[in-house]
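Taking it in order: structure first as structure tokens, then the write-up.
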Amino acid sequence: MTIAQTLDRAASIEDLRLIASRKLPRMVFDYIDGASGSEATARRNRSAFDAFHLRQEILVDLSRRNVETTLFGERVALPMVIGPTGMNGAYWVQGDLCLARAAKAESIPFVMSTAATVGLAPLVEAAGPLRWFQLYMLRDRGLARALLERVHGAGFKVLQLTGDTAVVGRRNRDVRNGFTLPFRWSMRKLFDTARRPRWAWQMLREGSPTLRLFAEVVGDVPTGATISEVMQHQINDAFTWHDLEWLRSAWPGQLVLKGVASREHARMALEAGVNGIVVSNHGGRQLDGAGSTIEALPEVVEAVAGRMTILIDSGFRHGADIAKAIALGADAVQLGRPTLYGLAAGGEAGVRHALGILATEFDCAMALAGATTVAELRGRASAAM
Ligand code: FNR
């Protein structure tokens, strides 16, 4: 079957997930799909959507609808952002570029991760003007400043500081699978990979992906360790709210704090002078046992009171989930795994397919809730009784 034929049969993000599970070796699929500890937070991220209802409307003129919105003064075609993810080159060859091109084609922002498997220059070439950058605060402030200067010089206008990863969550699937950089092969893994010839061929041709951007910035990256261990080695685990002031002064563009989970965080972020937040628990990959993001959203929206941009992620798999977040007061939703499942299923075409599914579902949910624009959707959800 061709890639196009495979994608044609995928009606939902779950369908893309199943295709991804067949196309990727187990250790790679588990790196995307897994979460930390007992994975309770990842499950809660999904089940919590049931705690909110969209209000069904009838007999409304829905003949003219528009799903565009504005983020940080820029028009975007959908209230969606492709969020930052690391190791994208392990899911499809040049995965970072596929994601960036798909976002450009759909006129939505793409967030490049510090853990990208390409350097800045090729990414800038592939990405559109809506390119944002995600920072894992480095231990060496001088290197961090130099990176920020390069990123700003390369035309990235929005910076997201990921605040929930000072200590990297323990992801049991990766430990069990021995998912290391570079890949460490065993007979079992070789056998598993032999059953995924397209992936194996891609990786044979291109070689094992590396954390290219990290290597560009910090020089030596340890090898033979799990990705979490490599990240832990570089991420500054002493960076505090106080240090956020330093980052505010070092970054001249829009600054977004990712990992906000409560009204207190939202207030502190406002005081620190950031321009936006991502309500996020890293897709359940960090603090196992933390609450869902959709449940935290209402109190965050109340605390922010329209004074900064509110993005949200973690567990969004349907257009109706996105509609609920917008109805509850978010400005847009960031996507982690949904677009990665698409990437693994079919490269750039697969990412566009994932976005197409979510766009169609979102438009449908928005309309059936009686709204013809993203702004009209506000307030059209409530807590289930
Ligand atoms: C991530 N995430 C992430 N976040 C970040 O700030 N920098 C990064 O490099 C990564 N890397 C990464 C890799 C993979 C494989 C996943 C699944 C996630 C977290 C990501 O940005 C986002 O917060 C979650 O993925 C959102 O949850 P969903 O959409 O995956 O449920």
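Round to a whole angstrom and tell me the spacing of the C-alpha centers of the stretch 263-312 and the stretch 314-380.
19 Å
Which shape class applies to the chain: rounded if a/c is under 1.5, otherwise prolate when a/b exceeds b/c and oblate if not, where a ≥ b ≥ c are the square roots of the Cα gyration tensor eigenvalues? If you can, show how the numbers build up before the last one.
Values: a/c = 1.56, a/b = 1.18, b/c = 1.33.
Taking the square roots of the gyration eigenvalues as a ≥ b ≥ c, the chain is oblate.
Would you work out which of L335, I3, M80 lies farthest towards the positive end of the dipole of the stretch 3-383, given +1 charges on the beta-carbon of Lys and Arg and -1 on that of Asp and Glu, about the Cα centre?
Positive-end residue among those listed: I3.
Of the listed peptides 287-295, 156-164, what is their order by residue-averaged count of other C-beta atoms within 10 Å, with the highest listed first? Can you show the working numbers first?
Working: 287-295: 19.9, 156-164: 22.9.
Top to bottom by mean Cβ count within 10 Å: 156-164, 287-295.
Whole-Hz Karplus ³J(HN,Hα) for the stretch 369-385, in order, using 6.51 cos²θ - 1.76 cosθ + 1.60 and θ = phi - 60°, x for Gly and Pro?
Per-residue couplings from phi come out as 8, x, 10, 10, 9, 4, 4, 5, 6, 3, x, 8, 9, 8, 5, 5, 7 Hz.
Kindly give Rg over Rh for the stretch 1-104, based on alpha-carbon atoms, with the Kirkwood expression for the hydrodynamic radius.
Values: Rg = 17.8 Å, Rh = 17.5 Å.
Reported Rg/Rh, Kirkwood definition of Rh: 1.02.
Quick check for me: using +1 on Lys/Arg Cβ and -1 on Asp/Glu Cβ, what's the dipole size of the chain about its Cα centre, in debye to the nearest 20?
Numbers: 44 positive and 39 negative charges, 194 e Å.
So the magnitude is around 940 debye.
Roughly what would the spin-label model give for A40 and R22, points 7 Å off Cα along C-beta, in nm?
In this crude spin-label approximation the distance works out to 3.5 nm.
If amide H atoms are built 1.01 Å from N in the plane of the peptide, which residues on other chains or at least 5 residues away come under 5 Å of the amide H of W132?
Sorted by chain and number, the residues that satisfy this are F110, V111, M112.
Taking H as built 1.01 Å from N, whose amide H comes closer than 5 Å to the amide H of L71, not counting residues under 5 places away?
For L71, the qualifying residues are V76.
With point charges of +1 on the Cβ of Lys and Arg and -1 on the Cβ of Asp and Glu, referenced to the Cα centre of the stretch 3-383, which listed residue (M268, I310, Q160) lies farthest in the positive direction of the dipole?
Q160
Using just the helices of the chain, give the 222 nm mean residue ellipticity in deg cm²/dmol: DSSP H runs with n ≥ 4 each add -39,500 (n - 2.57), and the total is spread over all residues, rounded to 500.
Values: 17 runs with 175 residues, N = 385.
Helices in the chain give a 222 nm mean residue ellipticity of -13500 deg cm²/dmol.
In what order do M187, M80 fall by count of nearby beta-carbon atoms within 10 Å, going from fewest to most? List each step's numbers first, then the result.
Numbers: M187 7, M80 28.
Listing M187, M80 from fewest to most nearby Cβ atoms yields M187, M80.
For the stretch 3-383, build the charge dipole from Cβ charges (+1 Lys, Arg; -1 Asp, Glu) around the Cα centre, then report which of S208, A381, A354 sits farthest towards its positive end.
With unit charges placed on the Cβ atoms, the residue in question is S208.
With a 10 Å Cβ neighbour count serving as the proxy for reagent exposure, in which order, fewest first, do R46, R205 appear? Let's see the in-between values first.
Working: R46 17, R205 8.
Exposure proxy ranking, most exposed first: R205, R46.
Along the Cα→Cβ direction, 7 angstrom out, place labels at R198 and R378. What is the inter-label distance in nm?
4.3 nm
Give a residue-ordered list of calculated ³J(HN,Hα) values for the stretch 328-339 (Karplus: 6.51 cos²θ - 1.76 cosθ + 1.60, θ = phi - 60°; whole Hz; x for Gly, Pro).
So the J values, rounded to whole Hz, are 7, x, 6, 8, 6, 10, 8, 10, x, 5, x, 6.
With θ taken as phi - 60° and the coefficients 6.51, -1.76 and 1.60, list the Karplus ³J(HN,Hα) couplings across the stretch 40-57 in order, rounded to whole Hz; mark glycine and proline as x.
Karplus-based 3J(HN,Hα) across the stretch 40-57 equals 5, 5, 4, 5, 5, 3, 7, 5, 5, 4, 5, 7, 10, 10, 8, 8, 6, 10 Hz.
Each value in this text was obtained by applying a stated rule to the coordinates, not by laboratory testing. No experiment lies behind these values; they were computed from the predicted model shown. FYI the Cβ positions are ideal-geometry reconstructions off the backbone, even for glycines, and counts take in every protein chain you see.
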